[in-house]
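> Structure below; questions to follow.
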Amino acid sequence: MWIRPLISIGGQPLYQKTDDPNRLHGERSGCWRQTEQGRQWLFSTAGFKKAIGHADLALAVKLLIGQGILKSGPNPKKHVTQVKVHGGSGWFYVIQFDDDYVS
């Protein structure tokens with residue numbers, strides 16, 4: 001799985017801060033937000049699938065939850081969280097590294 005490298009290589013072009021009022025166009029993998037626990041990377045479904053490559057989605061989710069990297073959503077059967085993004089909201093896979101990794 002290529003979660004860290006995608007964040008590192010993509011950085012700002014692939015991610016927009018959730019409270020950024022500028023609507024950016026082009027290929028986006030998701031957003032990021034700063035929380036009291038550190039930076040969280042919010043992957044859209046398409047961005048998450050790109051990050052895991054050809055890995056099985058269910059297996060990748062299970063592995064990332066087991067490692068404490070993917071934060072569970074409010075519904076234990078779904079692994080996405082609804083997040084307010086400037087101008088609306090969306091469902092995202094919430095990734096947070098224990099070492100507060102920032103690109």
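> Please go through region 56-80 and pick out each residue that is assigned to a helix (DSSP H, G or I), over 9 Å from Y93 (Cβ atoms) and out of contact with any His (no Cβ under 8 Å at 6 or more places or on another chain).
L57, A58, L59, A60, K62, L63, G66, listed by residue number.
> Next question, about the same structure. Which members of region 73-85 meet the condition of being in contact with a strand residue (DSSP E or B) (Cβ under 9 Å, 6 or more places away or on another chain) and open to solvent by 70 Å² or more (accessible area, probe 1.4 Å)?
P74, K78, Q82, K84
> Can you tell me which residues in region 36-52 are closer than 19 Å to D98 by Cα and either without any contact (Cβ under 8 Å) to a residue 24 or more places away in the chain or in a strand (DSSP E or B) (or both)?
Answer for region 36-52, where residues must be closer than 19 Å to D98 by Cα and either without any contact (Cβ under 8 Å) to a residue 24 or more places away in the chain or in a strand (DSSP E or B) (or both): E36, G38, R39, Q40, W41, L42, F43.
> Exactly one of these conditions fails for W91: (1) of a type outside the set (G, A, S); (2) modelled with pLDDT under 85; (3) surrounded by 12 or more Cβ atoms within 10 Å (Cβ to Cβ). Give me its number.
Looking at each condition in turn, W91 falls short on (2).
> Between residues in region 65-87 that are at positive phi and residues that are assigned to a loop (DSSP other than H, G, I, E, B) and modelled with pLDDT under 80, which pairs lie under 9 Å by C-beta distance while being six or more apart or on different chains?
Pairs that qualify, where the first residue is at positive phi and the partner is assigned to a loop (DSSP other than H, G, I, E, B) and modelled with pLDDT under 80, are G68/D98; G87/P21; G87/R23.
The values are calculated or read from the model by the stated rules, or taken from the named source; none is laboratory data. The structure displayed is predicted, hence computed values, not measured ones. Glycine also receives a Cβ, built like all others from the backbone with ideal geometry; neighbour counts cover every protein chain displayed. We work out accessible area using only protein heavy atoms, side chains counted, and drop any ligands, DNA or RNA first. Shrake-Rupley method; radii C 1.70, N 1.55, O 1.52, S 1.80 Å.
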